[in-house]
Amino acid sequence: MANKVKCPVCEKRFYKEEVDFVKKGRRYYHKECVEEQAEVDEANSVINHENMIEIIKEIFDIKYPSPRILKQIKDYGKKGYTYFGIWKTLEYWFILEGNSTKKAHGGIGIVPYVYEDASIYYKKIKESKESGNQKLNKEQHKVVIGRPDKKSVFEKRKIDMKEL
């Protein structure tokens, strides 16, 4: 019986004999995962840190991104978001959806919340171009981000005398 191997990209296990795979070093990848990763790497080579700063300056209409935005870009990079993905997410949210940059309060904190929606939107565009269908129905959906419930300062300071 054959051994199952694990694709490092999608982290799914598969039998080498049953699936098309690519071997890199000692690792086995799904052929589709390698192709998708190549597309992501190609997209990242187009957008680098300097380009990202220029894009943010254009979207937010500022001279230079704040330290907050620069930190967010760095943090998102550590979490696995690509410059290309961040750019497309910001483009989707602020330009295509028409949301105000004033509501962003000087940051790009919306990226983790809208990243998946932007990805789905651009995948649909890509699929429609490949199938020859130029018309794309844009689904309307709102992302509502609520503030966490915070107790007032006075509520925190109250002492329950029964507990003492």
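Listed values for the stretch 93-99 are Karplus-derived 3J(HN,Hα) couplings in whole Hz (6.51 cos²θ - 1.76 cosθ + 1.60, θ = phi - 60°), namely 6, 8, 9, 6, 7, x, 7, and x replaces Gly and Pro. Compactness of the stretch 75-125, taken as the C-alpha radius of gyration over 2.2 N^0.38 Å, stands at 1.08. A Förster radius of 41 Å, combined with the Cβ-Cβ distance separating Glu39 from Ile159, puts the computed FRET efficiency at roughly 0.10. What the phi angles of the stretch 24-29 give under the Karplus curve with 6.51, -1.76 and 1.60, with θ = phi - 60°, is a coupling list of 10, x, 9, 9, 10, 10 Hz, glycine and proline written as x. For the stretch 91-110, the residues whose amide N sits under 13 Å from a probe point set 7 Å from the Cα of Arg68 along the beta carbon direction are 101-110. The spread of Cα positions in the stretch 47-138, taken along each principal axis and listed from longest to shortest, comes to 43, 26, 22 Å.
Full-extension gain between Cys10 and Arg27, please, as 0.36 nm times their residue separation minus the C-alpha to C-alpha distance.
Details: separation 17, 0.36 × 17 = 6.12 nm, distance 1.27 nm.
Computed gain between Cys10 and Arg27 is 4.8 nm.
Each peptide in 23-32, 66-75 gets a packing score, the mean of other Cβ atoms within 10 Å over its residues, and the list from highest to lowest is 66-75, 23-32.
Provide the FRET efficiency to the nearest 0.05 for the Lys78-Lys57 pair, computing r from the beta carbons and using R0 = 30 Å. Could the numbers behind the result be given before it?
Numbers: r = 23 Å, r/R0 = 0.75.
That pair, Lys78 with Lys57, gives E of 0.85.
Under a point-charge model restricted to the Cβ atoms of Lys and Arg (+1) and Asp and Glu (-1), what is the dipole moment magnitude of the stretch 47-138 relative to its Cα centre, in debye to the nearest 20? Walk me through the numbers on the way to the answer.
Numbers: 16 positive and 11 negative charges, 33 e Å.
Charge dipole, the stretch 47-138, about its Cα centre: 160 debye, nearest 20.
Here the simple spin-label model places points 7 Å from the Cα toward Cβ, and for Glu50 and Lys103 these points are separated by 3.5 nm.
Any read-out appearing in this document is the output of simple, stated calculations on the displayed coordinates, not a laboratory observation. What you see is a predicted model, and the numbers here were worked out from it, not measured in a lab. Cβ: placed from backbone, ideal geometry, glycine included. Neighbour counts: every protein chain shown.
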